[in-house]
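Presented below is the structure to which this report refers.
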Amino acid sequence: MLRSYRILSCVKRARNPYPNRQSFRLKRYDYSAPDAYFVTIVAEHRLRMFGFVNCGVMHLSPLGAMVHSAITGMSRWYPGVRIDAFQVMPDHIHVVVWLTAATTGPSHRDATDPISNVVAPRLTLPDVVQRLKSFTTGQYRHGAARSRWRSIGHRLWQRNYYESIIRKRAALDAIRRYIRNNPPNWSRPKRYKK
């Protein structure tokens, strides 16, 4: 009986073209908590479409410049979100995102205007990443339709992203250094442990 169950289980797994994907997120962590987060988002198929690194300096393509502009605009568009250090690389981006406890509503209230009295919900880290990916993908599709950028399909980013919660000042300083040194280290050969 046990043997037939194992065979059946293997057959079911082999037929499933969509394997169960594991989440990188901590199960019981509140991702709307006012904290600093280190986020890496990778381009679909790791295509190097955001520019190139030459002599340790990142040179942005027009698509990379659009992504750069979108990252810098996040703090203006979303109260409670502050972008610290970030770097657009040829096939990925690194961003330090601060979610603050600041009020997320409009900066001024008008008793006669019901719209200005609406308080925006506080964004979680997944919300911030989703909005950045969605906005840049929309801009990319619009630009590709007008032949400004080479079309690579409908997706600009990989499905998931990598994130870590920055808990200590020393870790924040190390991550900022890593981000700053990412372009100079880009051309160095990668050393993998065997």
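Among the residues of the stretch 35-61, how many are of a type outside the set (A, V, I, L, M, F, W, C) and either loosely packed, with under 13 Cβ neighbours inside 10 Å or touching a His at 6+ places or on another chain (Cβ under 7 Å) (or both)?
Pass one, the stretch 35-61, residues of a type outside the set (A, V, I, L, M, F, W, C): 35, 37, 40, 44-46, 48, 51, 54, 56, 59, 61.
The next check asks that each one be either loosely packed, with under 13 Cβ neighbours inside 10 Å or touching a His at 6+ places or on another chain (Cβ under 7 Å) (or both); those that pass are 40, 45-46, 51, 54.
Within the stretch 35-61, residues that are of a type outside the set (A, V, I, L, M, F, W, C) and either loosely packed, with under 13 Cβ neighbours inside 10 Å or touching a His at 6+ places or on another chain (Cβ under 7 Å) (or both) number 5.
Looking at S116, S75, S107, which one is at pLDDT below 95, in contact with a strand residue (DSSP E or B) (Cβ under 9 Å, 6 or more places away or on another chain) and among the small types (G, A, S)? Spell out how you get there, then give the answer.
Working: S116 fails: in contact with a strand residue (DSSP E or B) (Cβ under 9 Å, 6 or more places away or on another chain); S107 fails: in contact with a strand residue (DSSP E or B) (Cβ under 9 Å, 6 or more places away or on another chain).
It is S75.
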Go through the stretch 139-155 and give me each residue that's open to solvent by 40 Å² or more (accessible area, probe 1.4 Å) and assigned to a helix (DSSP H, G or I). Q139, R141, H142, A145
Count of residues meeting criterion [free of Cβ contacts under 8 Å to residues at least 60 places away in the same chain and either among the charged types (D, E, K, R) or open to solvent by 20 Å² or more (accessible area, probe 1.4 Å) (or both)] in the stretch 62-93: 12
Take the residues in the stretch 25-50 that are modelled with pLDDT of 95 or more and of a type outside the set (A, V, I, L, M, F, W, C); name whichever of them is nearest to the chain's Cα centre (by Cα). T40
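The values are calculated or read from the model by the stated rules, or taken from the named source; none is laboratory data. None of these values were measured; they are calculated from a predicted model. Cβ: placed from backbone, ideal geometry, glycine included. Neighbour counts: every protein chain shown. Areas reflect the complete protein model, heavy atoms only, side chains present, ligands, DNA and RNA absent. Shrake-Rupley method; radii C 1.70, N 1.55, O 1.52, S 1.80 Å.
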